[in-house]
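In what follows, a single structure is set out as structure tokens and then discussed.
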Amino acid sequence: MYYAKPINGEKGSYYYHVSKVYETFENELKETLKYLTPLLNRCGETPEQYEQKMKIAILMHDFGKLNCNFQEVMRTIIRGEKVNKKYHFRHELLSFYYMLPFAGEWKKQKADFGYPLFAVISHHKQIDQRFDSFEREFNKKNWPLLSNEEIEYGCKLLDEYHGIRPQIPLNTESFPLTIKLILENIFSLLSMEERGAFKTISRYDLRLLYAIAKGQLQYCDWMASSEEEIRKYTLTQDELIQRLKKKLEEEGRTYVERPFHKKCAQAQGDVIAIAPTGSGKTEASLLWAAQFDSKKIIFCMPTKVTSNSIYERMKKYYFNPKVCGLSHSGANTYFALQENDALPSFTLLHGKALIPSVMVSTVDQILTSGFNSTLWGLKEYALINSTVIFDEIQSYDTFTLALITQTIKKIKTLGGRVMLMSATFPKFLLKHFQDLLDIEKPIIAEELMDRKSNTWRYIEKNLEDIRDEIEEYLQQGKKVALVVNDIETAKREYDYWHEKNESLRVLCLHSEFTMEDRIKKEALLLEGSKDYQLVIATQVLEVSLDVSFEIMFSECAPIDSLVQRAGRCNRHLEFENSEFIVFDPSEISIKYVYKDSRAILEKTQTILKLKQKKLAEREIIDMIEEVYDGFDIYDENYEEGLQLYQNIADELFIFDLPIDEKLATRRFDIIKVAIIPTIFKEKVEELYAEKEYAKIPLYEVPVTYSKYRRWIAATRVEDEQCPLPFCEVEYSAERGIKYDDSPSII
């Protein structure tokens, strides 16, 4: 028996695995090929050619495993013995080699560049222009070539499933191996200058074709290797409404059919949806998505917190948990926190690759597919016939909006559909996406536009001068929030109120807490806990946290940020006299936090002073339009983002982004460094020793690079046994890190 996996018996056999991969591929091809046709046409490829080439790639992707070295490794592992390193050899390099005769035939076609070969050689390892992943193999004098008997065994699967062999016989005598020949074939296949047919085909499209081929091969290989079947989500609009009714009953509320929801449910194509916070936009997006026979639903959220929240909502109320996946940079740690923290590693990996049929992720996960970074082929493949929902679309800078724009074009190329949602959709943004998606009119929750949730006030005072008014509301028993624009101000206010009245229950929330402490604080907020009377927070309170306050004081910020904050004031209309009170921005806000949007900040102040009353949603939207009148989305940052994906295609093409190189999806993100306060050293060392690495980030605190360099770097504690960023800083779960002196910037 020839083995493909170190499993004794039929399930470990080469024949079983490759047959299963092929069967998975046939099912995938039926679901995806028609959606790939526009891309194939642009690349000068026919659906028939793609199908034929990919069948060969599928049947030969593990051809190199038939070599004697690999077989010895499998038998050694099955026996439970230690493997001799001399037998190590990348099987995919041999698979690539034995596919080269087919490549010679494909060269005769109009615009082939051997994308199935490169899908095979890269289906386990990253590849760069120097093929460093295979340096060990290229340095070996003797390769474990397949015998004629092994070649013939592998070809039997070609005969059985495909019936085509290359015109050049697959044997070592007629096709001698040299490293030079391999390299010459690699680089001649990728040499665009020598191929006149490529002059009319963009490298951008060819790169995407390769990514789809690679992603499809990887997907089929993963599914065939997995004992768990990837389930398709099932949800009709009627089922969704019943589940929504049940959810509202559990919350003590009654379901009322809204015209906004009905319009979304009936919309056939792409949608732009505008509705106030707390209007059920997520459920409206599900009603829209439920009508399509799409391969998957993908929610793209602005933050990890909002991703976690929507993921929990999906699996608790609307879908079988087994069809739901979560993907963001902290997902592993998030799952490690759950009661059932023994999730199989492949389940976590499936989430990172956007494989589950209902995916919730930060928008960054879908945008980085265009960077040729980790799992990018699988992420691109996930977009085929997908239904993608971008929430809080207004929250991104122009650089990120450009990346989103390019990604939407890709989704449309691959047969997908898009919904963009926001409570605040400035006209410049609305026009941009209407033109992009050819949408005549957005769907607006008109029935909610005359709703008046809060009285808006502007106080021309600084933070210190409004403390008496905050105290008056607290003495009246009001539920009060204070939102400021930087972390150090939040800490100082926490110290002030805590020292002023130790019995006052104050909750401080900002990004400079450990993940464990921040999750606990957010849970308290989401549960509507009465354990606090005053919440002091930064911008982390703005986006999609389902919390509600009777009185909110907010430091002045750009109008769209203020509207998001106001969406957490009287969110469910449970208070009669709620107020949203704005006060003057600090010098730190003007000089540092909003230095790139100072004009917007000033216009916001001017307009707010004229709008001090109980505002309807329609009037709030009008304020946004006034502030952003004349704003140009197509600035230099937008152009930079627009060009980035094309630069990747031109410079990297099908090669992977180097592991040590990082590209950002957000132009104005502040560079942060993760540190671990030494009060957690003993606990973290214990986790490290037990190899529970996913739980270590629970004790990390993200700090800005400027803070790290100025106050923290010198306190670093080196530990050879546990090489982690321990730092001698004072930390408490109540306020976060305390510095030796007070930083002047965030």
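The values are calculated or read from the model by the stated rules, or taken from the named source; none is laboratory data. All figures in this text were calculated on a predicted structure; none of them were measured in a lab. Glycine also receives a Cβ, built like all others from the backbone with ideal geometry; neighbour counts cover every protein chain displayed. To get the accessible areas, we keep the full protein, side chains included, count just its heavy atoms, and leave off ligands, DNA and RNA. Shrake-Rupley method; radii C 1.70, N 1.55, O 1.52, S 1.80 Å.
Please list, ordered by chain and number, the residues whose modelled amide H lies under 5 Å from the amide H of PHE299; skip anything fewer than 5 residues away on the same chain.
Sorted by chain and number, the residues that satisfy this are MET359, VAL360, SER361, ILE389.
Given Cα pairs under 8 Å that are at least 6 residues apart, what percent is the relative contact order of the chain?
It rounds to 13 percent for the chain.
Compute the label zone of ILE633 within region 429-452: residues whose backbone N is under 19 Å from the point 7 Å along Cα-to-Cβ.
Counting only backbone N, you get 429-445.
Please report the antiparallel percentage of the DSSP beta bridges confined to the chain, to the nearest 5.
20
Let me know the volume per residue of the alpha-carbon convex hull for region 509-569, in Å³.
Each residue corresponds to 84 Å³ of Cα convex hull volume.
Quick one: work out Rg over Rh on the C-alpha atoms of region 378-455, Rh as Kirkwood radius.
Rounded to two decimals, Rg/Rh equals 1.03.
To the nearest 0.05, what FRET efficiency results for GLU619 and ALA599 with a Förster distance of 22 Å applied to their C-beta separation?
Rounded to the nearest 0.05, the efficiency is 0.50.
Rank SER511, LEU94, ASN372 by how far each Cα sits towards the positive end of the charge dipole of the chain (+1 on Lys, Arg Cβ; -1 on Asp, Glu Cβ) and give me just the farthest.
The residue sitting farthest along the positive end of the dipole is LEU94.
Between THR405 and ASN84, what is 0.36 nm times their sequence separation minus the Cα-Cα distance? Round to one decimal in nm.
In short, 110.5 nm is gained.
I want to check a number: in region 1-58, how many lysine pairs have alpha carbons closer than 15 Å, given a sequence separation of 8 or more or different chains?
4
FRET efficiency for GLU502 and LYS683, Cβ-Cβ distance as r, R0 = 25 Å, nearest 0.05?
Efficiency, rounded to the nearest 0.05: 0.30.
For LEU349 and ALA733, what does the FRET efficiency come to when R0 = 45 Å and r is the distance between their Cβ atoms, rounded to the nearest 0.05?
The calculated FRET efficiency here is 0.90.
Along Cα→Cβ, 7 Å out, is where each label goes; now give me the distance between the ones at GLU469 and GLN646 in nm to one decimal.
Going by the 7 Å Cα→Cβ label model, 5.0 nm.
Taking the dipole about the Cα centre of the chain, with the C-beta of Lys and Arg at +1 and of Asp and Glu at -1, give me whichever of LEU208, PHE399, GLN52 is farthest to the positive side.
So the residue we want is GLN52.
Each residue of region 60-70 in order: what ³J(HN,Hα) in whole Hz does its phi give by Karplus 6.51 cos²θ - 1.76 cosθ + 1.60, θ = phi - 60°, with x for Gly and Pro?
So the J values, rounded to whole Hz, are 10, 4, 10, 3, x, 5, 6, 5, 4, 4, 4.
Which whole-number percentage describes the relative contact order of region 456-573, with Cα contacts under 8 Å and a sequence gap of 6 or more?
Relative contact order of region 456-573: 31 percent.
What is the magnitude of the charge dipole of region 606-746 about its Cα centre, with +1 placed on the Cβ of each Lys and Arg, -1 on the Cβ of each Asp and Glu, and no other charges, expressed in debye to the nearest 20?
Result for region 606-746 is approximately 800 debye, rounded to the nearest 20.
Give me the extension gain from MET1 to TYR255: residue separation times 0.36 nm, minus the current Cα-Cα distance, reported in nm with one decimal.
Answer, rounded to one decimal: 85.3 nm.
From the phi angles alone, apply the Karplus equation (6.51, -1.76, 1.60; θ = phi - 60°) to region 626-631 and give each ³J(HN,Hα) in whole Hz, x where the residue is Gly or Pro.
5, 5, 8, 4, x, 5
If each of LYS30 and TYR693 carries a label point 7 Å out from its Cα toward its Cβ, how far apart are those two points in nm?
It is 4.0 nm.
At a 1.4 Å probe, what is the % contribution of carbon and sulfur to the accessible area of region 567-642?
In region 567-642, the share of accessible area belonging to carbon and sulfur is 47 percent.
In deg cm²/dmol and to the nearest 500, what is the mean residue ellipticity at 222 nm of the chain if only DSSP H runs of at least 4 residues count, each as -39500 (n - 2.57), divided by the residue total?
-13000 deg cm²/dmol
Rolling a 1.4 Å sphere over the protein heavy atoms, what is the accessible area per residue of region 379-458, to the nearest Å²?
28
About the Cα centre of the chain, what is the dipole size in debye to 20, counting +1 per Lys and Arg Cβ and -1 per Asp and Glu Cβ, all else neutral?
It works out to roughly 1640 debye.
Would you mind working out the accessible area per residue for region 590-746, using a 1.4 Å probe, and quoting it in Å²?
Result: 57 Å² per residue.
Quick check for me: using +1 on Lys/Arg Cβ and -1 on Asp/Glu Cβ, what's the dipole size of region 548-689 about its Cα centre, in debye to the nearest 20?
It comes to approximately 660 debye.
Treating region 450-506 as a set of equal point scatterers at the Cα positions, no solvent, please give the Debye-formula log₁₀ I(q)/I(0) at q = 0.25 Å⁻¹.
-1.26
Which listed residue (TYR14, ASN41, PHE25) has the Cα farthest towards the positive end of the charge dipole for region 1-110, taking +1 on Lys and Arg C-beta and -1 on Asp and Glu C-beta about the Cα centre?
Highest projection toward the positive end goes to TYR14.
Using label points projected 7 Å from each Cα along Cα→Cβ, tell me how many nm separate GLU626 and LEU573, to one decimal.
Rounded to a tenth, the inter-label distance reads 2.5 nm.
Which far-off residues, 5 or more places away or on another chain, put their amide H under 5 Å from the one on LEU507, with H placed in the peptide plane?
GLN533, LEU534, VAL535, ILE536
Could you list which residues have their amide H under 5 Å from that of ILE675, counting only those 5 or more apart in sequence or on another chain, with H placed in the peptide plane?
VAL701, VAL703
Answer with a single label: of [x] -0.42, -0.57; [y] -0.54, -0.70; [z] -0.47, -0.60, which was calculated as log10 I(q)/I(0) by the Debye sum over Cα atoms at q = 0.06, 0.07 Å⁻¹ from the structure in view?
It is the value labelled [x].
How much length would be gained if the chain were fully extended between ASP495 and ASP132, taking 0.36 nm per residue of separation minus their Cα-Cα distance, in nm to one decimal?
Additional length available on full extension: 125.3 nm.
Just to confirm, what accessible area per residue do you get for region 1-144 at 1.4 Å probe, in whole Å²?
With all protein chains present, region 1-144 gives 43 Å² per residue.
How would you rank 717-730, 24-37, highest first, on the average number of other Cβ atoms within 10 Å across their residues?
24-37, 717-730
Roughly speaking, to the nearest percent, how much of region 271-428's 1.4 Å accessible area is carbon and sulfur?
50
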